[in-house]
Amino acid sequence: MTEKEPPEPTSGESPDDPQRRDFIKQAASVCVGGAVGAVPIAAGVAVYLDPLDKEATGSQRVKVTSLDGLPDDGRPRKFSIYADKKDAWTTFPKSPVGAVYIMRTGEKALKVLNVVCPHAGCFVDYIARDDEFFCPCHDSSFKKDGNIKSAHSPSPRPLDELKYEIDESGAVWVEFMNFLAGQKEKVPV
Ligand code: FES
């Protein structure tokens, strides 16, 4: 959107004219409002995971699957994560807050990766043919262990690994959290 320039002073209107001052104030507030509104758009798809406020952020321990639900051959399987989400007034129980890939790396050892691409927040896909994760937004590619595969990948860091726990019944619990996109370091949000 292009912003209107304040009108040049015309005859009978000095820079100190009260009407002109009001107009400039209004124009400035529109500019500031536009800039603030642009931030969530630039933050990309990751905002979808945390659209309302900070109470929706932080780690949440979530029961995701069982060991039996994971392929023996180490292929990653994708799971949506549902957890309680809050804004300033309301709690939304069992709402979608993101997704993870989980794969076996040993009899009772797993790797859990957040599906969000650390570049700008798109979701990565697992491409079985190439045994890699691929981000369709700007072509970042990651090895199955989450590390960056191609030197041309724009992602500043590997896929974000998450902690997990397998309880005595074989249930897999994930410490789910999201991280800031576009940073070399993992910064929780
Ligand atoms: S968001 Fe994944 S490569 Fe840009």
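Nothing in this text is a laboratory measurement; each read-out follows from the coordinates by a stated rule. Because the structure is predicted, anything quoted here is derived from the model rather than measured. In this analysis, Cβ positions are derived from the backbone assuming ideal geometry, glycine residues included, and neighbour counts consider all displayed protein chains.
So which of Lys86/Lys111; Lys94/Lys149; Lys85/Lys108; Lys86/Lys108; Lys149/Lys184 end up more than 24 Å apart by C-alpha? Checking Cα-Cα distances, Lys86/Lys111; Lys94/Lys149; Lys85/Lys108; Lys86/Lys108 exceed 24 Å.
Take the Cβ atoms of Arg77 and Glu165, set R0 to 22 Å, and the FRET efficiency comes out at 0.80. In whole percents, the pair-distance distribution calculated for segment 51-176 from its alpha-carbon pairs, binned every 5 Å from zero, is 2, 11, 20, 20, 18, 15, 9, 4, 1, 0.
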